[in-house]
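The values are calculated or read from the model by the stated rules, or taken from the named source; none is laboratory data. Note that the structure is a prediction, hence the values are computed from the model and not measured. All Cβ positions, glycine included, derive from the backbone under ideal geometry; neighbour counts span all protein chains shown. Ligands, DNA and RNA are excluded from the accessible area calculation, which covers all protein heavy atoms including side chains. Shrake-Rupley method; radii C 1.70, N 1.55, O 1.52, S 1.80 Å.
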Amino acid sequence: RLGQAASGHLVPSPQRAAALLERALGLPGTAEPDRLRRRLALGEAERRSGRLERAMRAFSAAGEAAREQGAVESLVAAALGYENALFASRLPRGTWGERSLELLRAADAVLPEAERATRSRVLAALGQALLYGGNPDAGAATCERAVLLAEEAGDDAALAAALLARRSARARPEWLPDRLADAPRIARAAEATGDLELQLEAARLHLVDVLKAEDLAAAAEAQAAAEALVRR
């Protein structure tokens, strides 16, 4: 019942969801698979609450439990959750980044060959982690692999994530035309997922790029699109 209540609070009141999940985790006699699911949910609730260090600790613990239980999907979720929280936090990679690389590489190692879309998402996050961890060449190459896998899989969510990660590898000014050319493709892929947060991230980054290009008319359109997503 605590877990069900937490699910209802996850989007509108994630701090309440986190409190409920901590109570659920404190109950005796809980089966390990259930504890693992609750740890993942706790990490997501803390991430949505903006308590990112706590989110990373929860995802780290979930990742370790997933490895012990051989739970591949949960390991993937923990690895992606940890990297997403770390990226949002802007905390130093020297302190927190090695754990992200460890979890993402572990997830990549156990994924079946046929899981192209999931591997693409893992590689996109790994490429991002390498880029911001001071290994730009390996990061860029990993992001390119993520894009190719997402295209092979025909998965919109994976493609949007991979293209956004590759954008990080193309941050220098000389890449601006390529980022602008990729923007419609990213927007289409993000919209096809129905994920408003992903769509908003794509719109925000496009707004940054059109402002850098000094295209004020395009910037006004991009701002209006982003505001409409915020209202939704």
For the stretch 14-91, what size does the Cα cloud have along each of its three principal axes, sorted from largest down, in whole Å?
36, 27, 14
Note down the accessible area of residue 60, probe 1.4 Å, to the nearest 10 Å².
30
Below 8 Å between Cα atoms, with a sequence gap of 6+, how large is the relative contact order for the stretch 92-232 in percent?
17
Among 29, 133, 63: highest mean-square fluctuation, GNM of the chain, C-alpha pairs under 10 Å
29
Among 93, 57, 23, which one moves the most in a GNM of the chain with springs linking Cα atoms closer than 10 Å?
23
Only helices counted: for the chain, with every DSSP H run of 4 or more residues adding -39500 (n - 2.57) and the sum spread over all residues, [θ] at 222 nm is -27500 deg cm²/dmol
With the radius of gyration and the Kirkwood radius both derived from the Cα set of the stretch 99-232, what is their ratio Rg to Rh?
1.00
Per-residue HN-Hα couplings for the stretch 226-231, Karplus 6.51 cos²θ - 1.76 cosθ + 1.60 at θ = phi - 60°, whole Hz, x for Gly and Pro?
5, 5, 5, 5, 4, 4
In what sequence, highest mean first, do 180-186, 212-218 appear when ranked by Cβ atoms within 10 angstrom?
180-186, 212-218
The chain - percent of accessible surface contributed by carbon and sulfur, probe 1.4 Å:
51
Rolling a 1.4 Å sphere over the protein heavy atoms, what is the accessible area per residue of the stretch 54-208, to the nearest Å²?
47
What's the angle, to the nearest 10 degrees (0 to 90), between helix 176-193's Cα axis and the longest principal axis of the chain?
40
Could you work out which residue, out of 14, 136, 177, moves most in a Gaussian network model of the chain, that is, has the largest mean-square fluctuation with Cα springs under 10 Å?
177
Take the chain, drop everything but the C-alpha atoms, weight them equally and run the Debye formula without solvent; then report log10 I(q)/I(0) at 0.10, 0.15 Å⁻¹ to two decimals.
-0.49, -1.06
Using alpha carbons only, how many angstrom separate the centre of the stretch 1-33 from the centre of the stretch 215-232?
37
